[in-house]
Amino acid sequence: MDRHVFISYRRSDGVFVDELIAALNGYTCWRDTTGIAGGQVWREEIIRAIEAAYAMILVVSPDTEQSKEVYAEYFYALGREVPVIPLLISDGKLPFGLENINARLWYEDKPRAVKELRGDLDRYRAQAASLKPASDKEIYLAALKMGENL
């Protein structure tokens, strides 16, 4: 799997994610609806995708707090030292554990947020170590652990 930006979001924010990915033209973005093929174990594919990410954009909306999966994804990313960039699409607070993380404010100024995101992603892509793929066993165990924590 190639290095990419992992997009973490609530399914109800899917239309926004389409717009975000279009705004990030030129960056390889991974999202569940296009990154997981039929017949694959979705939680294992999410772990693989986070492992291959040089950054995660966490789409934050009022619905974010309702998703245990989103929490599991960004906590896993933080534990693996994948930079998490919160992107607020409406006025609100950051999710638990991200209160001190600098967020980008799409809802206030979309062009500025896109410019800032591009700068963030360029920095993290340049700093990313060469990809050391996890073994299938490590992926499987991480997926089990993620499921237990929900």
Would you confirm, using the coordinates I've provided, whether Leu88 is surrounded by fewer than 18 Cβ atoms within 10 Å (Cβ to Cβ), aliphatic (A, V, I, L, M) and either out of contact with any helix residue (DSSP H, G or I) (no Cβ under 6 Å at 6 or more places or on another chain) or farther than 20 Å from Ala22 by Cβ (or both)? no
Mind listing whichever residues of region 10-29 are in contact with a helix residue (DSSP H, G or I) (Cβ under 9 Å, 6 or more places away or on another chain), not basic (Lys, Arg) and not in a helix (DSSP H, G or I)? Leu24, Gly26, Tyr27, Cys29
Report yes if some residue within region 80-87 is under 11 Å from the mean Cα position of the chain (by Cα), in contact (Cβ under 8 Å) with a residue 24 or more places away in the chain and over 19 Å from Asp13 (Cβ atoms); otherwise report no. yes
Run Glu69 past the list (1) out of contact with any Lys or Arg (no Cβ under 7 Å at 6 or more places or on another chain); (2) open to solvent by less than 60 Å² (accessible area, probe 1.4 Å); (3) within 17 Å of Phe16 (Cα to Cα) and report the number of the one that doesn't hold. (3)
Could you check how many residues of region 110-146 are surrounded by fewer than 15 Cβ atoms within 10 Å (Cβ to Cβ), outside any helix (DSSP H, G or I) and touching a helix residue (DSSP H, G or I) at 6+ places or on another chain (Cβ under 9 Å)? 3
Selection from region 1-18 of residues closer than 18 Å to Val114 by Cβ and loosely packed, with under 14 Cβ neighbours inside 10 Å yields Val15, Asp18
Hey, among the residues in region 39-78 that are hydroxyl-bearing (Ser, Thr, Tyr) and within 15 Å of Ile101 (Cβ to Cβ), which one's modelled with the lowest pLDDT? Thr64
Out of curiosity, is Arg43 touching a residue at least 60 places away in the same chain (Cβ under 8 Å) and either in contact with a Ser or Thr (Cβ under 7 Å, 6 or more places away or on another chain) or open to solvent by 60 Å² or more (accessible area, probe 1.4 Å) (or both)? no
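The values are calculated or read from the model by the stated rules, or taken from the named source; none is laboratory data. Note that the coordinates shown come from a computational prediction; the quantities given were computed from them, not determined experimentally. Note that each Cβ is placed from the backbone with ideal geometry, even for glycine, and that neighbours are counted across all protein chains shown. Quick note on the areas: whole protein, heavy atoms, side chains included, nothing else; ligands and nucleic acids left out. Shrake-Rupley method; radii C 1.70, N 1.55, O 1.52, S 1.80 Å.
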